[in-house]
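Presented below is the structure to which this report refers.
Read the figures in this text as sums done on the coordinates, not as results from a lab. Because the structure is predicted, anything quoted here is derived from the model rather than measured. Positions of Cβ are generated from backbone atoms using ideal geometry, with glycine treated the same way; all protein chains shown enter the neighbour counts.
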Amino acid sequence: MANMKLLAVLALVQLLSCLHVHGVSASVDMPTATSGGGSCHVSGYLPGQSGNCNPEHGSTCCVNGHRYPQYKCSPPVSAETPAILTINSFAEGGDGGGKSFCDNRYHKDSELVVALSTGWLRLDGTNRCNKMIRINGNGQSVTAKVVDECDSVYGCDKEHNFEPPCPNNDVDASPAVWKALGLNGNIGEFKVTWSDV
């Protein structure tokens with residue numbers, strides 16, 4: 001009888017470990033699926049705080065009291081790293097918030113620039129600030145300069161446009177990158193792959 005209960009508990013744990021969970025209110029370390037052979041776990045939850053959020057480009061604004069997952073890692077980088085492409089204005093007054101993390105300046109919407117999730121920018125042992133990456137999607141390819149961090153740990157404050165932390169697999173790209181890939185920025189998100197150049 002005890003063995004059956006133990007098997008049932010183990011089966012439940014295995015089932016829960018396969019779920020991709022967002023916005024869970026419990027502080028458990030749930031893995032997220034990655035196709036690169038590794039995993040990245042939720043490292044905590046940030047309590048939401050609303051404020052003066054610029055909703056340009058469909059930005060998601062924080063909600064008071066909501067708990068947002070935080071990641072101090074990203075999936076492993078490969079020659080074809082799966083990611084979600086989002087759109088962002090790095091221009092002064094745009095929805096990107098302040099100046100870019102890597103070079104402390106603003107960038108025109110016509111520049112081929114991106115922000116990477118925290119783990120990909122600098123926490124995986126490779127500093128990608130001011131480096132070029134190749135993004136593939138929609139049958140097109142473009143190289144872009146990494147100028148900013150799409151913060152996967154902090155958010156819901158003025159510095160982050162009162163937006164929640166980014167997912168751990170985000171390539172936040174300028175309108176010029178979207179245009180080079182032949183994409184309409186109004187769709188909000190698009191599955192792509194990327195690699196170091």
Between Val63 and Ala91, what length comes free when the chain is fully extended (0.36 nm per residue of separation minus the Cα-Cα distance, one decimal in nm)?
7.6 nm
What is the Cα centroid distance between the stretch 114-137 and the stretch 46-102, reported in whole angstrom?
15 Å
At 25 °C and 0.890 mPa s, the Stokes-Einstein diffusion coefficient in µm²/s for the stretch 82-179, with hydrodynamic radius from the Kirkwood sum on alpha carbon pairs, is 186 µm²/s
Testing the spin-label approximation: label points 7 Å from Cα along Cα→Cβ at Lys158 and Lys99. State their distance in nm.
1.7 nm
Any idea how far apart Lys179 and Asn136 come out in nm if each label point goes 7 Å out from Cα toward Cβ?
2.5 nm
Spacing of the two label points (7 Å from each Cα toward its C-beta) at Asn52 and Ser195, in nm:
4.5 nm
Once you have the Kirkwood Rh of the stretch 133-197 from its Cα pairs, apply Stokes-Einstein at 37 °C and 0.692 mPa s and quote D in µm²/s.
255 µm²/s
Past 21 Å, Cα to Cα: identify those pairs from Lys145/Lys191; Lys72/Lys108; Lys108/Lys145; Lys145/Lys179; Lys108/Lys179; Lys99/Lys191, in the order given.
Lys72/Lys108; Lys99/Lys191
What Kirkwood radius, in Å to one decimal, follows from the Cα pairs of the stretch 37-76?
12.0 Å
Cβ neighbours within 10 Å, averaged per peptide: list 83-90, 154-161 in order, most packed at the top.
83-90, 154-161
Once Ile187 and Glu111 are pulled to full extension, the length gained, defined as 0.36 nm per residue separation minus their Cα-Cα distance, is 25.4 nm
